[in-house]
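See structure below.
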Amino acid sequence: MADSLHKNFETLRSIFDEVLRMKNSTGERDRSEEFTEKRKYASLLFVLIKKVNRMVKYSLRSGREDLHREKVRVDSNRLHLQNLLYEVNHLKREIRYCHKFKSQDEDIELVPENEEPTENDKELMPTNVSPLTGHAKHLARLERELNLRKQLAAQCKELLNTKQQVFRDIVLKTEKLTSFAPSLRTLMKATRPLQEALQVPMDREWKLQQLVQLLPRPLYLAYMNIHAIELAKECDVCVVVLGCEDDVRQLELAAQTETIKSGASSDTDEIDVSSVAKKRKTHGGNSELLVDLMQEQRKRILQPHPLEVRFTIGNGAKSMDESIAVKLRYFKRLGFITAATVVSLSDADQSFADATLTQDVLKYLNDDDMGETIPVPGAEYELKNINMTTKECVEYLNSKDYGRPYRWLQTMCCIEVFNEISDASESVVVPEPPKLQKLIPDLIKSIQHLWTSRLNLIKQIRALVQKQIDLYLKEERLPTTRPACSLVQWTALTYEEYLSSAPYTDCELINGNQLFYRAVVVRGSAKMECLVSISNKFPAESPIWFICIYWNGQHNAANSAAVKSMEFWTNSLTQAMLQHPLALLATQLVRTMYSFDIFLETEGPLYNPVEYHREKHYIKAFAKRIRARPYRYIEGGTVNTFKQ
């Protein structure tokens with residue numbers, strides 16, 4: 001159709017051209033007939049073109065109608081597809097809900113399927129359970145579980161009845177045994193001369209057992225376990241109970257009276273204090289009464305039990321002159337136990353024992369448990385009621401000589417403590433008896449080992465203060481000649497004095513829990529000042545020496561490589577390298593004194609006038625690029641030789 005339309009257009013254009021050419025030429029009149037023919041033919045072509053145009057428009061309209069019908073069909077199919085997809089998603093969601101559905105029977109622990117049923121289980125199973133699968137099998141297992149639980153409930157009821165009967169029998173026997181007490185007292189009083197003659201202190205043991213029966217549960221458990229260790233002679237320990245029985249009776253009577261008055265309410269004190277506080281705001285003038293009530297409440301909460309358990313640990317020697325006693329006090333309202341130490345030393349060591357050596361020995365038993373926090377849940381709430389923080393409570397306990405609430409102590413007495421490894425809300429489970437039986441001997445041995453180490457340290461410090469350096473060095477391999485320098489002072493320092501004296505400190509090696517001393521060594525006009533820090537793990541960890549030499553200026557490890565090497569040579573000595581257990585500090589001091597002599601003898605010739613001449617025998621005064629000094633002693637031979 002398009003081709004015919006273009007062809008007609010070309011034909012019509014050619015007719016127009018011919019007519020125009022004929023008009024422009026002469027003889028127009030002679031061609032009128034030809035013009036008429038051309039006009040007719042052109043009119044027919046116009047009609048034909050109009051027809052073709054109508055046909056084109058008709059085909060265009062029909063095409064649009066077909067396109068519209070296809071669009072409607074596509075839209076309908078698309079809408080139907082979306083409906084189907086929505087239904088699919090809805091069905092998937094319902095399937096997920098069905099998979100996630102949790103029935104109440106899922107929480108019930110049923111008997112495993114692979115477990116072979118016993119004769120009793122076969123009686124509990126329904127009769128028609130032979131080949132069952134799926135839901136029917138699950139229903140059969142549930143019915144079996146129901147029958148089993150009914151049977152167990154009947155057994156539990158029967159056991160409870162038996163328990164009540166046994167409890168009644170125990171009460172009757174207890175009343176019968178209690179009636180024997182007056183007769184036993186009369187018998188004990190009558191046989192007292194016989195006991196004294198036979199040296200059998202039955203009366204004292206009986207009184208001790210009476211006090212033991214009055215102990216609260218944590219102290220009672222601690223006493224019985226330590227007493228069992230004492231009887232088994234596993235450790236050098238002796239345990240006693242100290243206190244007055246009348247004080248315990250008065251405390252129990254006061255607690256009963258307070259319970260009756262308060263109507264068995266644990267918040268009475270808090271209500272009283274808050275009511276007084278309201279009166280103070282409204283009326284005024286009641287501040288003194290509020291303070292008195294707060295002090296009384298603090299006194300009740302911070303009051304320990306009248307009885308205390310004290311166990312004494314020796315140092316492994318034959319006598320108990322040098323021993324450490326640990327006294328345990330129980331705070332019922334706060335729910336924890338504290339431990340304090342009482343040290344017993346010989347007369348020779350008592351005057352040379354610094355207070356830091358004997359106080360808070362238990363604090364160094366475990367690095368992660370310094371006793372500075374209260375690990376018992378619920379104690380912080382009680383302290384908030386009396387406006388006291390944990391730190392203030394620990395300081396109060398120390399000021400009253402009650403000790404510290406260590407974590408290992410609560411575990412030893414079966415008191416639940418916070419678990420630091422997991423969330424703070426969880427608590428440590430009370431150790432099982434086999435674990436507890438192993439824990440307490442280990443703790444006693446650790447305390448004994450720590451106390452023995454402290455005694456050895458006290459003896460070494462006593463020898464240094466008395467300037468008896470060679471007291472424990474007879475078995476050690478040291479030069480035969482004595483150092484030319486001499487020790488003139490050995491004094492104790494505080495942590496603040498140590499920090500002010502040392503030009504620099506290493507926070508990883510030095511902390512406030514260590515012991516600090518100053519040693520002054522003199523030779524001629526030269527003076528060497530040694531700052532010694534002793535770890536609480538002595539002698540497992542060697543003391544750390546900081547050396548400063550005052551001669552022709554100040555020399556220390558920061559500005560002198562020779563002094564730095566001297567410190568390394570002194571601090572590298574360990575207890576495993578020595579023969580005598582009390583020779584570590586003295587050997588370190590002797591090493592430092594020899595190094596000081598060699599430093600002066602190698603450094604002296606460099607100054608004019610020469611004050612110090614060579615007295616020690618060494619091959620070379622300096623070696624290598626670092627100009628190392630001959631601090632190391634060579635064993636063997638008749639001459640004391642030193643080398644780098």
In what sequence, highest mean first, do 616-625, 209-218 appear when ranked by Cβ atoms within 10 angstrom?
209-218, 616-625
Sorted by packing (mean other beta-carbon atoms within 10 Å per residue), highest first, where do 604-611, 337-344 land?
337-344, 604-611
Taking θ = phi - 60°, what integer Hz values does the Karplus form 6.51 cos²θ - 1.76 cosθ + 1.60 yield along region 488-504, in sequence order, with x for Gly and Pro?
10, 7, 9, 10, 8, 10, 8, 5, 5, 5, 5, 5, 6, 8, 7, x, 8
Derived scalar couplings ³J(HN,Hα) [region 578-595; Karplus, 6.51 cos²θ - 1.76 cosθ + 1.60; whole Hz; x for Gly, Pro]:
10, 8, 8, x, 10, 10, 5, 5, 5, 5, 4, 5, 5, 4, 5, 5, 4, 5
For region 561-615, with +1 on Lys and Arg beta carbons and -1 on Asp and Glu, the positive-most of P581, L606, N571 along the dipole
P581
With a 1.4 Å probe and all protein chains left in place, how much of the accessible area of region 445-604 comes from carbon and sulfur atoms, in whole percent?
51 percent
Among 378-388, 184-194, how do they line up by average Cβ neighbours within 10 Å per residue, starting with the highest?
378-388, 184-194
Note to self: C-alpha centroids of region 499-557 and region 574-644 sit apart, in Å, by 18 Å
So what are the radius of gyration and Dmax for the Cα set of region 511-570, in Å?
12.6, 37
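The values are calculated or read from the model by the stated rules, or taken from the named source; none is laboratory data. Here the structure is a predicted model, which is why all the values come from computation and not from measurement. All Cβ positions, even for glycine, are placed from backbone atoms using ideal geometry, and neighbour counts span all protein chains on display. The area values use the complete protein model at the heavy-atom level, side chains included, leaving out ligands, DNA and RNA. Shrake-Rupley method; radii C 1.70, N 1.55, O 1.52, S 1.80 Å.
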